[in-house]
Amino acid sequence: MSTVSRYTGLIEHYRDRLPVSDDTRIISIGEGNTPLVRLENIPREIGKDIDLYIKYEGLNPTGSFKDRGMTMAVTRAMEEGSRAVLCASTGNTSAAAAAYAARAGMTAFVIIPEGMIALGKLAQAMIHGAVVIQIRGNFDDGMRLVKEVAEHAPVTIVNSINPYRLQGQKTAAFEIVDALGRTPDFHCLPVGNAGNITAHWIGYSEYAGMSTQACAFCGGDCKHPCAAVSDKRPVMVGYQASGAAPFLRGEMVDHPDTVATAIRIGHPQSWDQAWKVREESGGWFDECTDEEILAAQKLLTSKEGIFCEPASATSVAGALRDIKAGKIPEGSCVVCTLTGHGLKDPDTAIKQCEGDMLTVDAELDAVKKAILDNLA
Ligand code: F0G
């Protein structure tokens, strides 16, 4: 028997539950299988008895959860004979599209809002060789243009309106249940376009044997959707940045603004689906201010050693508030998704810590003093 157990990505791992055939050439960079880290210091600090985990999606190959959807979307685009992919993006989708297109030998066209992309994400799109089209507009303008232009050009849209994206992303829910050996009571996510919360719900539903969607891709001739692995689905909680919170306003927001540029979105594409997730799961939406988001980012880095980008910290900012208020009761098992790595946005991180750095002469006394003065 072979002892080789090299992990080769989420499509191989969850093949039975994904829309691929035996002949499909899989485009993978080893995405998925991300750590589920139990927080230790923060629950103690807030004095709550809570089983709180973060799903560290920043540890995917391009540093965000988008890789889960992109492996599936690009695999299917290849299979269908497409030579180019297209997306609008606040940054992470463009990084993932660029990387997976490179792997597949396809061209990636990415439309991004000028001046509103975190530095790391822009670097990724460029170095992977995507054709980067900056627009004088925001993400929602980009999304509108993507849908329009796709009718006139031979390209496959790889935004989350592409159903294969959600199929790939649903595997995060599988991994969580597999890792815990149970379904969490609550799952908290940052919400922008609302594709990810929708995808998680598809995954949890499928694992609980309550799927209404899975068979759409195989015309009913599939192996996957019926076998229940878990006995329940979690309560789904979506947090938005206050300046970009259409789910809290109950309507689209025309001029979204937040420090969490990844979720600077006013016209979510999965609007109806996300409301349905809220209703079916008995969950809720709430909002966090930019200050709360940055404070949560700092808390995670300084207390737990976990560096996520600002948008990701929205899930923890909201969850901690709801745990403190008792809305998420003590004794619960809670998972917060950290959607993207902190290194994506070094500017915002450094800005948060301005003044924290010491500059001294290159002399023993000066360095010794700096150390002794700062020993806790
Ligand atoms: N967190 C991060 C780091 C993101 O990049 C995004 C979305 C979200 C959360 C929200 O997920 O849209 O599924 O609700 N980023 C997209 C992009 C829009 O273009 O990279 P969602």
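The values are calculated or read from the model by the stated rules, or taken from the named source; none is laboratory data. All values reported here derive from a predicted model rather than from experimental measurement. Virtual Cβ from ideal backbone geometry, glycine too; neighbours counted across all protein chains shown.
Scanning the stretch 306-331 for residues being touching a helix residue (DSSP H, G or I) at 6+ places or on another chain (Cβ under 9 Å) and away from the ligand (no atom under 16 Å from the Cβ) gives a total of 8. Sub-9 Å Cβ pairs linking a first residue in the stretch 249-277 that is over 23 Å from MET116 (Cα atoms) and near the ligand (Cβ under 9 Å from one of its atoms) to a second residue that is of a type in the set (Gly, Ala, Ser) and in a helix (DSSP H, G or I), at least 6 apart or interchain, are ALA274/GLY195, ordered by first then second residue. When you scan the stretch 230-240, do you find a residue that is modelled with pLDDT under 95, surrounded by fewer than 23 Cβ atoms within 10 Å (Cβ to Cβ) and among the β-branched types (Val, Ile, Thr), even just one? Within the stretch 230-240 (the criterion being modelled with pLDDT under 95, surrounded by fewer than 23 Cβ atoms within 10 Å (Cβ to Cβ) and among the β-branched types (Val, Ile, Thr)), the answer is no, since none of the residues qualifies. Among the residues of the stretch 39-49, none qualifies, meaning not one is modelled with pLDDT of 95 or more, surrounded by 24 or more Cβ atoms within 10 Å (Cβ to Cβ) and within 29 Å of PRO184 (Cβ to Cβ). The condition of being out of contact with any Asp or Glu (no Cβ under 7 Å at 6 or more places or on another chain) and farther than 23 Å from PRO268 by Cβ holds for only one of VAL85, VAL37, that being VAL37. The set of residues in the stretch 51-78 that are hydrophobic (A, V, I, L, M, F, W, C), more than 10 Å from the ligand (Cβ to nearest atom) and either within 18 Å of the chain's Cα centre (by Cα) or more than 21 Å from ASN193 (Cβ to Cβ) (or both) comprises LEU52, ILE54, LEU59, MET70, MET72, ALA73, VAL74, MET78. With respect to the conditions (1) within 15 Å of ILE263 (Cα to Cα); (2) in a helix (DSSP H, G or I), LEU343 lacks only one, and its number is (1).
Looking at the stretch 172-199, which of its residues are in contact (Cβ under 8 Å) with a residue 60 or more places away in the chain, away from the ligand (no atom under 14 Å from the Cβ) and either part of a helix (DSSP H, G or I) or among the polar types (S, T, N, Q) (or both)?
Here is the first cut: in the stretch 172-199, the residues in contact (Cβ under 8 Å) with a residue 60 or more places away in the chain are 172, 174-176, 179-180, 182, 184-199.
Remaining after also requiring away from the ligand (no atom under 14 Å from the Cβ): 174-176, 179-180, 182, 184-186.
Selection gives PHE174, GLU175, ILE176, ALA179, LEU180.
Residues that are at pLDDT 95 or above, among the polar types (S, T, N, Q) and farther than 23 Å from ILE306 by Cα within the stretch 9-38 comprise THR24, SER28, listed in sequence order. Can you confirm whether the stretch 79-87 contains a residue that is over 22 Å from ARG25 (Cα atoms) and either over 18 Å from the mean Cα position of the chain (by Cα) or of a type in the set (Phe, Trp, Tyr) (or both)? Among the residues of the stretch 79-87, not one is over 22 Å from ARG25 (Cα atoms) and either over 18 Å from the mean Cα position of the chain (by Cα) or of a type in the set (Phe, Trp, Tyr) (or both), which makes the answer no.
Just checking, how many residues over the stretch 103-120 are β-branched (Val, Ile, Thr) and surrounded by fewer than 22 Cβ atoms within 10 Å (Cβ to Cβ)?
The number of residues fulfilling the criteria is 1.
If I filter the stretch 292-316 down to residues being free of Cβ contacts under 8 Å to residues at least 24 places away in the same chain and in a helix (DSSP H, G or I), which single residue comes out as surrounded by the fewest Cβ atoms within 10 Å (Cβ to Cβ)? It comes out as SER302. Of all positions in the stretch 279-291, at least one carries a residue that is in a helix (DSSP H, G or I), more than 21 Å from THR198 (Cβ to Cβ) and away from the ligand (no atom under 13 Å from the Cβ). Taking the stretch 132-171 as the range and being among the aliphatic types (A, V, I, L, M), in contact with a helix residue (DSSP H, G or I) (Cβ under 6 Å, 6 or more places away or on another chain) and either within 11 Å of the ligand (Cβ to nearest atom) or assigned to a loop (DSSP other than H, G, I, E, B) (or both) as the test, the residues that pass are VAL158, LEU166. For the stretch 249-278, how many residues are on the phi < 0 side of the Ramachandran plot and either more than 20 Å from the chain's Cα centre (by Cα) or in a strand (DSSP E or B) (or both)? Going through the stretch 249-278 one residue at a time, the tally reaches 6. Scanning the stretch 84-108 for residues that are within 10 Å of THR62 (Cα to Cα), among the aliphatic types (A, V, I, L, M) and within 12 Å of the ligand (Cβ to nearest atom) returns ALA95, ALA96, ALA97, ALA98.
For the stretch 328-352, a residue qualifies if it is within 23 Å of CYS288 (Cα to Cα), over 24 Å from the mean Cα position of the chain (by Cα) and touching a residue at least 12 places away in the same chain (Cβ under 8 Å), and exactly one does: GLU330.
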